[in-house]
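**Student:** If you scroll down you'll find the structure; I have some questions about it.
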Amino acid sequence: MIGYVKGILEEIEEDCVIVDVNGLGIRILAGGALASQMLALGSEVKIYTYTYVKEDAFQLYGFISKDELSLFKKLITVSGIGPKGAASILSAFSAEDLRYAIYAGDIKTISKAPGIGKKTAERLVLELKDKVELDYQADTLLGQLADESVGSAEPNNRKDAIEALTALGYSSMDAAKAVKQADPNADMDVDVEDILKAALKYLM
């Protein structure tokens, strides 16, 4: 397996890039942020890759970061999602946003990805929720919003703020991100109304 490709960016096509590695042009299918990244021709690039081999093809899928690659590998373990579908999902969402959506069980948001219907999104959440590693501390994002915390009411306040935002029509993912952004200091006592006002300002 090829872990990464490092060389000079020679060509950018609609769905792939070609990297010159010591005179050898390597074609890498664009996955995740690589599909939209503004890369300059002639610049040196380092692209993390996943090698996909089948009877009639040998393909490399490329990613800007190890984080994206790691999430891609998890996605292709889900029944019904192949490399092309996983790359499509990561082109629609950043790795961070997709983790938020999976952790929050936000089927509506995930199903917006190209080629991903409601049933596939439900299966994705079911199969990956326990496997996804939240690099942004799940306790801060949603875990602290649960009733598990001892001796403090303010995590419930953040949970209530998220529920209020979802009632207003925001997705669980957007609501959780807004509350986290609006109330980053978990040590301060803040009531629901103040959290909600700050979160709405962030969303608007």
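**Student:** Answer yes or no as to whether GLY151 is at pLDDT below 90, in contact with a Gly (Cβ under 7 Å, 6 or more places away or on another chain), not aromatic (Phe, Trp, Tyr) and not in a helix (DSSP H, G or I).
**Tutor:** No, not satisfied.
**Student:** Something else now. Can you give me the number of residues within the stretch 88-107 that are modelled with pLDDT of 90 or more and farther than 13 Å from GLU68 by Cβ?
**Tutor:** Looking only at that region, the number is 1.
**Student:** Determine, yes or no, whether LYS54 is surrounded by fewer than 16 Cβ atoms within 10 Å (Cβ to Cβ), more than 29 Å from ALA176 (Cα to Cα) and of a type in the set (D, E, K, R).
**Tutor:** Yes; evaluated as a whole, the condition is true for this residue.
**Student:** Going by the structure shown, is ILE2 touching a residue at least 40 places away in the same chain (Cβ under 8 Å), assigned to a loop (DSSP other than H, G, I, E, B) and under 23 Å from VAL125 (Cβ atoms)?
**Tutor:** no
**Student:** Sticking with this structure for a sec: Might you check whether a residue that is acidic (Asp, Glu) and touching a residue at least 40 places away in the same chain (Cβ under 8 Å) occurs anywhere in the stretch 40-55?
**Tutor:** Initial filter on the stretch 40-55 (acidic (Asp, Glu)): 44, 55.
From the residues that got through so far, the ones that are touching a residue at least 40 places away in the same chain (Cβ under 8 Å) too are none.
Scanning the stretch 40-55 turns up no residue that is acidic (Asp, Glu) and touching a residue at least 40 places away in the same chain (Cβ under 8 Å).
**Student:** Out of all the residues in the stretch 56-83, which are in contact (Cβ under 8 Å) with a residue 12 or more places away in the chain, small (Gly, Ala, Ser) and over 22 Å from LYS131 (Cβ atoms)?
**Tutor:** Scanning the stretch 56-83 gives a single hit, GLY62.
**Student:** Answer yes if at least one residue in the stretch 20-43 is modelled with pLDDT under 95 and in contact with a Lys or Arg (Cβ under 7 Å, 6 or more places away or on another chain), and no otherwise.
**Tutor:** No, that holds for no residue.
**Student:** For the stretch 93-103, check the following and say yes or no: at least one residue is among the hydrophobic types (A, V, I, L, M, F, W, C) and surrounded by fewer than 19 Cβ atoms within 10 Å (Cβ to Cβ).
**Tutor:** Narrowing the stretch 93-103 to residues among the hydrophobic types (A, V, I, L, M, F, W, C): 93, 95, 98, 101-102.
Filter again for surrounded by fewer than 19 Cβ atoms within 10 Å (Cβ to Cβ), leaving none.
No, the conditions are met nowhere in the stretch 93-103.
The values are calculated or read from the model by the stated rules, or taken from the named source; none is laboratory data. Everything numeric here is computed off the predicted structure, so don't read it as measured data. Note that we place each Cβ from the backbone using ideal geometry, even for glycine, and neighbour counts take in every protein chain shown.
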